[in-house]
Amino acid sequence: MAPTYKIAIIQFYPKDVAVEDNFTRAASFIRQAAAEGADLAILPEYHLTSWCPDHPDFISACAESATYLPRYQALASELNINIVPGTICEVHPSPSPSAEQEIRNIAHWLAPTGPLASYQKKNLWHSERPHLTAGPAPQDPPAQPHRAFDTPLTWGAAHNHRPVRAGMLICWDLAFPEAFRALLRDGCELVVIPSFWLCDGSDLDETRRGMNPDCEGLFMNSVLVARAF
């Protein structure tokens, strides 16, 4: 099957809690992608706030980030392009009496005609766990399992230009094959995985760095190929 769509993968290192500056930069890349004929533009995880949970303004920057979703939707409609604006950290009231609020790391698919789907990161990296709330596991009621959805992207004329069915995961979620199996069972053909993963060994302790400082890059490159197979 030959696809008839073009994807722009946008990479940049965001400034800490500089939400407006990061948005301005992201928007310029999206405009460039649209001008080059892209049908889908994908931004990095944490692209509006960066990952700096100990910064005194991190939570307020997360709260501000949620207000940018309509601006991305306006861009999608104006440029006739699909946008996955990386992930946006959103602050929500906590259902737990032990906490007033929780931070959720969420990816959205915005079509030119409106939002198509949202996904909350379920598998948190070790440095995220003290700060973020994970999405519920598929087996935990009343959670919904990983779901695929039809997109405006299409396959070729030989297949009647039928829509491409997509799913979303986030960064460390790709370590777990169960999510891909669930998406595949739901007809998924394209998995979009916004990530903020440097693979430079900076997140390793001394023992692991001594064993193999390139282990993160080795893991990521291997597992992406394995998931595709």
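All of the numbers you see were taken from the coordinates with simple rules; none came from a lab. Note that the structure is predicted; figures quoted are calculated from it, not measured. So basically every Cβ, Gly included, is an ideal-geometry build from the backbone, and we count neighbours across all protein chains shown.
Membrane-span-like helices of the chain, defined as complete DSSP H segments with a Cα extent of 18 Å or more along the helix axis and a mean Kyte hydropathy of at least -0.5, are identified as 19-35, 215-228.
Judged by the gyration tensor of its Cα atoms, with axes a ≥ b ≥ c, region 7-197 is oblate; a/c meets the 1.5 cut and b/c is at least as large as a/b. Model label sites at residue 71 and residue 207, defined 7 Å from Cα along the beta-carbon direction, differ in position by 4.4 nm. The modelled label-to-label distance for the pair residue 181/residue 102, using points 7 Å beyond Cα in the direction of Cβ, is 2.5 nm. Estimated from helices alone, the mean residue ellipticity of the chain at 222 nm is -8500 deg cm²/dmol (sum of -39500 (n - 2.57) over DSSP H runs with n ≥ 4, per residue).
If you take the square roots of the eigenvalues of the alpha-carbon gyration tensor of region 83-125 and sort them as a ≥ b ≥ c, do you get rounded (a/c under 1.5), prolate (a/b over b/c) or oblate? Verdict is prolate for region 83-125.
A simple charge model with +1 on the Cβ of Lys and Arg, -1 on the Cβ of Asp and Glu and nothing else charged puts the dipole of region 7-197 at about 520 debye relative to its Cα centre. Taking other C-beta atoms within 10 angstrom as a stand-in for reagent exposure, 195, 118 fall in the order 118, 195, fewest first.
Sequence gap at least 6, Cα distance under 8 Å: using those rules, report the relative contact order of region 7-197 to the nearest whole percent. Computed over region 7-197, the figure is 16 percent. Count Lys and Arg as plus one, Asp and Glu as minus one, and take only other residues whose Cβ is under 12 Å from that of residue 213; the net charge is then -4.
Quote to one decimal, in nm, the extra length available between residue 80 and residue 215 on full extension: 0.36 nm per residue of separation minus the C-alpha distance between them.
44.6 nm
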